[in-house]
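Undergrad: So that we are looking at the same thing, I have put the structure below in structure tokens.
The values are calculated or read from the model by the stated rules, or taken from the named source; none is laboratory data. Predicted, not measured: the structure shown is a model, and the values here were computed from it. Here Cβ is always computed from backbone atoms with ideal geometry, including for glycine, and neighbour counts include all displayed protein chains. Heavy atoms of the whole protein, side chains included, go into the accessibility calculation; ligands, DNA and RNA do not. Shrake-Rupley method; radii C 1.70, N 1.55, O 1.52, S 1.80 Å.
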Amino acid sequence: MRITTTDKEHITTFIHACIRNGMTRVVCSPGSRNSSIVIALDEHPAIETLIVHDERSAAFYAMGMALQLKAPVGVVCTSGSAMLNYYPAVAEAFYQSIPLVVMSADRPTEWVNHGDGQTIVQEGVYENHIRYQTRISKDLVENEINAEVDKAFEAALRTWVGPIHFNLPLEEPLYGTREVEWESEEAVEFNHERLELSDEMKSELSQIWNDSPKKMILVGQHDKDLALKNGLFDLCNDSSIAVLVENTSNLTHQRWVHCIDRTLAGISEDEIEKFQPDLLITLGGAIVSKRIKQFLRNAPIKAHWKAGYEFPAMNTYRKLTHSFEAKPSDFVDALVSMNLNRNTSNFGSVWKQKDFLNQDKLPAFFETVPYSDMAVFETLLDYIPENCHLHMANSSVVRYCQLYDPIPSIRYFANRGTSGIDGSTSTACGVAVASPNTCNVLITGDVSFFYDTNAFWNKQLPSNLRVFLINNGGGGIFRIIPGPRESAQLEDYFEAHHDRKAEFICKAHDVNYVSATSLEDIESQMADFFEESDRPKVMEIFTPRELNAGVLSNYFEIFS
Ligand SMILES: Cc1ncc(C[n+]2csc(CCOP(=O)(O)OP(=O)(O)O)c2C)c(N)n1
């Protein structure tokens, strides 16, 4: 097939190598130095492009698309500070294990630090948060470019998934084009090897398993994975195992504990020992619950097995004894195939019983709850449509959502890699753009929302996005957590109280906007809000900032 491309041969070779490695979507930000790359991408029949001005938002968009597509997604920007604005998303992609492909155009290397405009030292900028970084320049021949690109994608995709960075020095003139022949090639497949445990390892693990009447499996952030769910179900068909999952693990089962903080709140000092595991098995990424981290760090755990390719040395609970670089589902299957002894302990039931006991206390509590963040979450979560994507912004939103049992058909998203408040809306937009037939709901606080309003500043805004913006006049979390809430600086510096409203920001971006100040207001607008529309919609819900923290603390008290 004849295609138009840039006249810079090494860029065309580079783009073709990226396509072969599975990158077929790129979010482009405007500039001049990157024009040769943009021309090649825009003209290419195998590439779909989006345009987002703000590079910080662009990178979160791309990250959201990569999450949804389970494939590498590129971002391309001009030289200078533009590429620094990718950094928050690069760090998030690094800690959340997402294949974000950064392509930064650069001045020719000999002109860096010699007074040229829009020039900074770009190479190595993401040093501490990148799976692979390299320079692709015109000095490389075709084979060298192909080998380097393959190496980078291998690092990003085969086992430990994460972001990669290509820095591309380019000389003027930048806008020339030419025609070339291109044939689509077989895409590279990144197969991982299944975990094989040695006989020695099997006998060591069996010994520990048999010596541990109290076993706990804790699953952090993980995409929906039926193989993992089935494996866990087979492995945990045993009352000695407590399975604790957060909604971000996208796993649910009636025998498992879904609301960890709610359950922990009911454990009194004198019964702690009953709930402390001998053996801890952790799967998946970040854990939201600070309480469970504290609980496990203080527990006399004898062995901690961690399974996952990412961060094999990560020792969150300070008790790590074995790290298995494997897919969590493969590790669970390996344990299942060992036919481990069933144990007569009832440790799993003890946890689940506590969960049931605490659940029983909820209806009476919610009858008395005044209008507040807590009451709003209770109402909103009843209306989230089945099978949708639910994006939880950071701060108190993701924490409130952990207090309600997850809805099995929903896919939960949250930027828990770095827990930043800087890209939640852009990430939700990226996921929504890549899932046009699914309703995407974002629940966000006001500071997170105002921080990332440039998410709305682009042409491809997804109409399948619904945003619940809980405006409690600042960072409500700081009224909840001990420390800032007792500080004289609380209101000005931590909560950073403001009285901004989102109405005119939404109008500026032609986003539908409604507001609410009571539960009745919210409920009466819900049907319309979820009606199809050609634009996204925002419902701004105003809550009483000074009341929220007290209601939440009353909630935790009902379990004690
Ligand atoms: C990029 C970034 N800057 C600062 C913070 C620190 N921070 C954590 S929560 C928060 C306030 C968020 O407020 P809001 O989004 O309104 O949510 P609420 O606390 O009211 O639930 C801030 C500033 C952060 N996590 N990320």
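Undergrad: Among the residues of segment 398-419, is any in contact with a helix residue (DSSP H, G or I) (Cβ under 6 Å, 6 or more places away or on another chain), open to solvent by less than 10 Å² (accessible area, probe 1.4 Å) and more than 15 Å from the ligand (Cβ to nearest atom)?
TA: No: zero hits.
Undergrad: If GLU200 satisfies every condition in (1) outside any helix (DSSP H, G or I); (2) modelled with pLDDT of 95 or more but one, which is the exception?
TA: All conditions pass for GLU200, except number (1).
Undergrad: Does any residue of segment 477-486 turn out to be more than 12 Å from the ligand (Cβ to nearest atom), in contact with a Leu (Cβ under 8 Å, 6 or more places away or on another chain) and either in a helix (DSSP H, G or I) or of a type in the set (Lys, Arg) (or both)?
TA: Taking every residue of segment 477-486 in turn, none turns out to be more than 12 Å from the ligand (Cβ to nearest atom), in contact with a Leu (Cβ under 8 Å, 6 or more places away or on another chain) and either in a helix (DSSP H, G or I) or of a type in the set (Lys, Arg) (or both).
Undergrad: Sticking with this one: Kindly provide the set of residues from segment 374-397 that are open to solvent by less than 30 Å² (accessible area, probe 1.4 Å) and within 12 Å of the ligand (Cβ to nearest atom), ordered by number.
TA: Within segment 374-397, MET374, VAL376, PHE377, MET392, ALA393, ASN394, SER396, VAL397 qualify.
Undergrad: Please go through segment 117-158 and pick out each residue that is more than 16 Å from PRO72 (Cβ to Cβ), touching a residue at least 24 places away in the same chain (Cβ under 8 Å) and open to solvent by 60 Å² or more (accessible area, probe 1.4 Å).
TA: Within segment 117-158, GLN118, GLU123, ARG135, LYS138, GLU142 meet the criteria.
Undergrad: Among residues belonging to segment 56-98 that are open to solvent by 30 Å² or more (accessible area, probe 1.4 Å), part of a helix (DSSP H, G or I) and not polar (S, T, N, Q), point out the one that is nearest to TYR126 (Cα to Cα).
TA: Here the answer is TYR87.
Undergrad: Look through segment 488-520, keep the residues that are in a helix (DSSP H, G or I) and open to solvent by less than 50 Å² (accessible area, probe 1.4 Å), and return whichever of them is farthest from ASP452 (Cα to Cα).
TA: LEU519
Undergrad: If a residue has to be buried (at least 20 other Cβ atoms within 10 Å of the Cβ) and acidic (Asp, Glu) to count, how many in segment 226-252 make the cut?
TA: 1
Undergrad: Another question about this same structure. Identify the single condition in (1) among the hydroxyl-bearing types (Ser, Thr, Tyr); (2) farther than 28 Å from LEU362 by Cα; (3) at pLDDT 95 or above that SER487 does not satisfy, given that it satisfies every other one.
TA: (3)
Undergrad: Now for a separate question. Going by what's in this entry, would THR159 be described as under 20 Å from PHE331 (Cβ atoms) and of a type in the set (S, T, N, Q)?
TA: yes
Undergrad: Of the residues HIS114, HIS53, which is within 22 Å of THR425 (Cβ to Cβ) and either modelled with pLDDT under 95 or surrounded by fewer than 18 Cβ atoms within 10 Å (Cβ to Cβ) (or both)?
TA: Every option except HIS53 fails the conditions.
Undergrad: Scan segment 420-440 residue by residue and report those that are buried (at least 24 other Cβ atoms within 10 Å of the Cβ), within 10 Å of the ligand (Cβ to nearest atom) and not hydroxyl-bearing (Ser, Thr, Tyr).
TA: Across segment 420-440, the qualifying residue is only GLY423.
Undergrad: Exactly one of (1) open to solvent by 10 Å² or more (accessible area, probe 1.4 Å); (2) within 16 Å of the ligand (Cβ to nearest atom) is unmet by ILE443. Its number?
TA: (1)
Undergrad: Name the residue that is nearest to the ligand (Cβ to nearest atom), counting only residues in segment 446-469 that are touching a Ser or Thr at 6+ places or on another chain (Cβ under 6 Å) and open to solvent by less than 20 Å² (accessible area, probe 1.4 Å).
TA: SER448
Undergrad: While we're on this one: How many residues, within segment 521-550, are closer than 15 Å to LEU380 by Cβ and either open to solvent by less than 80 Å² (accessible area, probe 1.4 Å) or touching a residue at least 40 places away in the same chain (Cβ under 8 Å) (or both)?
TA: 16
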